[in-house]
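To start, the structure itself, in structure tokens.
The values are calculated or read from the model by the stated rules, or taken from the named source; none is laboratory data. Quick caveat, the model's predicted, so the values are computed rather than measured. Using ideal geometry, Cβ is built from the backbone for each residue, glycine included, and neighbour counts are taken over all protein chains shown.
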Amino acid sequence: MAEPLQIGGPLGGASAAGPLAHWPLLTVSVTALVIGGLLCAWLLKRFGRAVMRSPQPAVGVTRYVLTLGFAALFVGVGLAAAGLLFALQSYDAFTRKRLVAEVQCIEMSPGKLRVYLVPIDQDGATRGATETYDLEGDQWQVGADVLRFRPFLTVFGVETVYRLTRVEGRWVRASDANAHKPSAFDRGGGTTRGWLALYRDGKRGPLGWLIDGAHGQSVSQMPDRRAVYELYMTANGLVVNKRTF
């Protein structure tokens, strides 16, 4: 009986916690904007009192010039840091990928495949029990329900929601697929009524302001007993990476 490679070890490829590295930029931006805002508020207060002819302590021109200069400096630094932070956060959001499963596929005989799938919990660290599937086809295929959110939410850390729902065999040629009985297995009960409702109505009404798309998606690859396939969820859905030993 064919046995899978040892699927495990470090969770390769998952993006690092990029937003944590942005805290210094956030601190600089907030601090600079607060200081700049206080200096601007002092200037506006002095100007308002002058317009209303209210009594106030006399201040030299030099102090006004210095206050105005430092206010412009701090506000500029704060806005520049905020812009850089937004750009980095946007880049992280749209390049971030989360490891959701590892797959190995062994060809037992022509058109006969054995698939070993290890689901990875949404925390990216907890491995589930190995699942085994015997399939017919030239390729293995894993399908998922995918819910994508609008880009402005993705920038603020809202991640794509998913469920791995199907493992099946795939024939490369349509004539072979038509000539064979499909071999497919549902995971976790398959696609639920709630997901089907999102497919139909997810972008209607108020939810349309938040949801960018709800759909099924699948990835497929050829068998290779010397490879482990890493399935990642990105902002746009599933991708697969082949890691060869």
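Within segment 41-83, the set of residues being under 30 Å from residue 24 (Cα atoms) and aromatic (Phe, Trp, Tyr) comprises 42, 70, 74. Checked against (1) more than 11 Å from the chain's Cα centre (by Cα); (2) of a type outside the set (Ser, Thr, Tyr); (3) exposed (fewer than 13 other Cβ atoms within 10 Å of the Cβ); (4) closer than 30 Å to residue 202 by Cα, residue 157 passes all but condition (1).
Segment 187-245 holds strands (runs of 3 or more DSSP E) entirely within its bounds, and those carrying 2 or more residues that are without any contact (Cβ under 8 Å) to a residue 24 or more places away in the chain map to 237-244.
Among the residues of segment 107-148, the one identified as under 14 Å from residue 186 (Cα atoms) and free of Cβ contacts under 8 Å to residues at least 24 places away in the same chain is 132.
Taking the criterion of being crowded, with 17+ Cβ neighbours inside 10 Å and β-branched (Val, Ile, Thr), the residues of segment 113-154 that qualify are 115, 118, 120, 142, 146, 154. With the condition kept exactly as written, say whether any residue in segment 60-69 is in contact (Cβ under 8 Å) with a residue 40 or more places away in the chain and either closer than 26 Å to residue 199 by Cα or loosely packed, with under 14 Cβ neighbours inside 10 Å (or both). The answer is no; no qualifying residue exists. For the criterion of being in a strand (DSSP E or B), in the same structural domain as residue 109 (by TED's automatic domain parsing) and not hydrophobic (A, V, I, L, M, F, W, C), residue 165 passes. The residue that is farthest from residue 170 (Cα to Cα), among those in segment 116-138 that are among the acidic types (Asp, Glu) and outside any strand (DSSP E or B), is 123. Within segment 203-220, which residues are surrounded by 14 or more Cβ atoms within 10 Å (Cβ to Cβ) and of a type in the set (Lys, Arg)? Answer for segment 203-220, where residues must be surrounded by 14 or more Cβ atoms within 10 Å (Cβ to Cβ) and of a type in the set (Lys, Arg): just 203.
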